Amino acid sequence: MTPSTPHRADAERVLTVTSGAAAAGGGNRLAEGSRLKLSWLVQLHWWAILGQVLIVGLAELWTEFDLPIPHIMALLTAEVIGNLVLRSWARTAHVTESMMATVMVLDATVLTLLLDLTGGAANPYSTLYLVNVALAAVLLPGAWSWILMAVSLLGFASLFVHEWLNGVAHHIKFRMPPEQILVAHVRASWVALALAAIFIVYFVRRVALALADRERELQQARATAERREKLASLATLAAGAAHELSTPLSTIIVVAKELQRNLGSTVSEEGARDLMLIREQVSRCREILDRMAGHAGEQVGEPLRSQTVAEWVTAALDGLPGAGRVVQERAPGIDGVPLIGPPRALADALRGLLKNGLQASAVEASVILRLESTVASRVRATVIDQGGGMSPEILSRVGEPFFTTKVPGEGMGLGLFLTRALVEQLGGEFHITSSPERGTEARIELPVSRAGERSST
């Protein structure tokens, strides 16, 4: 079964768009994830700098330690400048795992220098090495995590070596008896443990929540990719069916016409009705094939164009049976809001929702079309019918290809599937809510086109 050239091109465009969007989306998600992790490190740096300033200030005011304040202030100033540079760079740079690891190695180095200036290996705040190791285990792959652990251990070990060469706590002077030094050390150990625990729990919880959000995004991305694959398969199937069945259907129509003409007045009234029925049903088969090929293939390849909300609604209502029963509720200023997308496909999507609502509602009942803007710079079109609604079981299957609750001849079960695929490809959202005896509400949200997008179409 070989599709004709135009339909094959449309199907290939679907596959190209699908694979390209998936690849681009995957790369963007990875880059965005690394940038998010680096932003967490920047925030951690600010909290760490604040904590260091407070601890050094309290030690200077409330203890009898002579600290090398000029050296400590120089190191803290370098931390502030470095974090400002890191924050600015992280906004635009392509962040990689090796870059993240380099930043965390520098963090361990800075902590080692600060500990050396404030007591050396005996400083109880050496517990903060664990914060760096825990974050490395969460944010970096296994190999980098082990490297960061080794760097932290080497940094701590270097303090012992430095003391062996230069003396214990050679940067500070104690003006306290040994018992008070021991008490201060125990209290500082508790504070250090508390700080390490707070930092670890807070950021690990943030990472866990971010991973949960990422998992939901991945599930949505997989569902979108699955729908796009179904759309591509449907385009290929429809194009092939339209090509292969075109000739036999045309032959049936020609033979039926010939029979009707040759028999002339000799055919009975019932026979004439049968011949006419054959022609009508064959024409309907061709129309269904054309609709399948058109909806699944050609609209995907339809060029994007800017249009206003008013133009979109006018095109959707054009030719809609029962359009007089549609009650429009338009927010002020919504008519002139620009949208970008394939005009015919968008009109068909909204027309399909209105048609579904009219068919589900009683003959004298109206269907509401509500148009409004959202705070996220989107246009929301909501179709509310007065039908019998859907059960949760049916609602869960809405949008599956070829699933329909309509009587034969009124629908193929492709409208909602194609609507969802189109809206999501344009960066929008499509939702349906329904309950028995309370009607159904279908909602399309589309992003507003920007000036640059409008000028390029």
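Inspect all residues belonging to the range 366-375 and state whether any of them is in contact (Cβ under 8 Å) with a residue 60 or more places away in the chain, farther than 23 Å from Ser435 by Cβ and of a type outside the set (Val, Ile, Thr). Can you show your working first?
From the range 366-375, those in contact (Cβ under 8 Å) with a residue 60 or more places away in the chain are 371, 373-374; that's our starting set.
Among the residues that remain, those that are also farther than 23 Å from Ser435 by Cβ are: 371, 373-374.
So of that shortlist, the ones also of a type outside the set (Val, Ile, Thr) come out as 371, 373.
Taking every residue of the range 366-375 in turn, at least one turns out to be in contact (Cβ under 8 Å) with a residue 60 or more places away in the chain, farther than 23 Å from Ser435 by Cβ and of a type outside the set (Val, Ile, Thr).
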Those residues of the range 87-99 which are surrounded by 19 or more Cβ atoms within 10 Å (Cβ to Cβ) and either without any contact (Cβ under 8 Å) to a residue 24 or more places away in the chain or in a helix (DSSP H, G or I) (or both) amount to Ala90
Consider only pairs whose beta carbons are under 6 Å apart and that are at least six residues apart or on different chains; among these, list those whose first residue lies in the range 313-341 and is hydrophobic (A, V, I, L, M, F, W, C) and whose second residue is in a loop (DSSP other than H, G, I, E, B).
Val327/Ser366; Leu339/Ser449; Ile340/Leu304; Ile340/Ser449
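Any residue at all in the range 334-353 that is open to solvent by 70 Å² or more (accessible area, probe 1.4 Å) and either closer than 19 Å to Ile384 by Cα or not in a helix (DSSP H, G or I) (or both)?
The initial filter retains those residues of the range 334-353 that are open to solvent by 70 Å² or more (accessible area, probe 1.4 Å), namely 344.
Add one more test, that the residue is either closer than 19 Å to Ile384 by Cα or not in a helix (DSSP H, G or I) (or both), and what stays is none.
Within the range 334-353, none of the residues are open to solvent by 70 Å² or more (accessible area, probe 1.4 Å) and either closer than 19 Å to Ile384 by Cα or not in a helix (DSSP H, G or I) (or both).
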Being part of a helix (DSSP H, G or I), in contact with a strand residue (DSSP E or B) (Cβ under 7 Å, 6 or more places away or on another chain) and at pLDDT 70 or above is true for just one of Ala48, Ala59. Which residue is that?
Ala59
Output for Cβ contacts, cut-off 8 Å, separation at least six or different chains, first residue farther than 19 Å from Asn132 by Cα in the range 204-220, second open to solvent by less than 70 Å² (accessible area, probe 1.4 Å) and of a type in the set (Gly, Ala, Ser), reads Arg214/Gly33
Qualifying positions in the range 100-123 - of a type in the set (Gly, Ala, Ser) and open to solvent by 40 Å² or more (accessible area, probe 1.4 Å):
Ala122
Here is a check on your reading of the model: is Val138 assigned to a helix (DSSP H, G or I), more than 17 Å from Val103 (Cα to Cα) and open to solvent by 40 Å² or more (accessible area, probe 1.4 Å)?
no
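Just the residues that are out of contact with any Ser or Thr (no Cβ under 9 Å at 6 or more places or on another chain) and either small (Gly, Ala, Ser) or not in a helix (DSSP H, G or I) (or both), please, taken from the range 187-196.
Just the residues of the range 187-196 that are out of contact with any Ser or Thr (no Cβ under 9 Å at 6 or more places or on another chain), to begin with: 187-188, 190-191, 194.
Result: Ala188, Ala194.
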Please verify whether the range 63-71 includes one or more residues that are surrounded by 16 or more Cβ atoms within 10 Å (Cβ to Cβ) and over 20 Å from Asn166 (Cα atoms).
yes
Given (1) modelled with pLDDT under 85; (2) open to solvent by less than 40 Å² (accessible area, probe 1.4 Å); (3) touching a helix residue (DSSP H, G or I) at 6+ places or on another chain (Cβ under 8 Å), Ser391 misses just (3)
Taking Val375, is it under 26 Å from the mean Cα position of the chain (by Cα) and either over 16 Å from Arg443 (Cβ atoms) or modelled with pLDDT of 80 or more (or both)?
no
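The values are calculated or read from the model by the stated rules, or taken from the named source; none is laboratory data. Everything numeric in this text was worked out from a predicted model, so none of it was measured. All Cβ positions, even for glycine, are placed from backbone atoms using ideal geometry, and neighbour counts span all protein chains on display. Heavy atoms of the whole protein, side chains included, go into the accessibility calculation; ligands, DNA and RNA do not. Shrake-Rupley method; radii C 1.70, N 1.55, O 1.52, S 1.80 Å.
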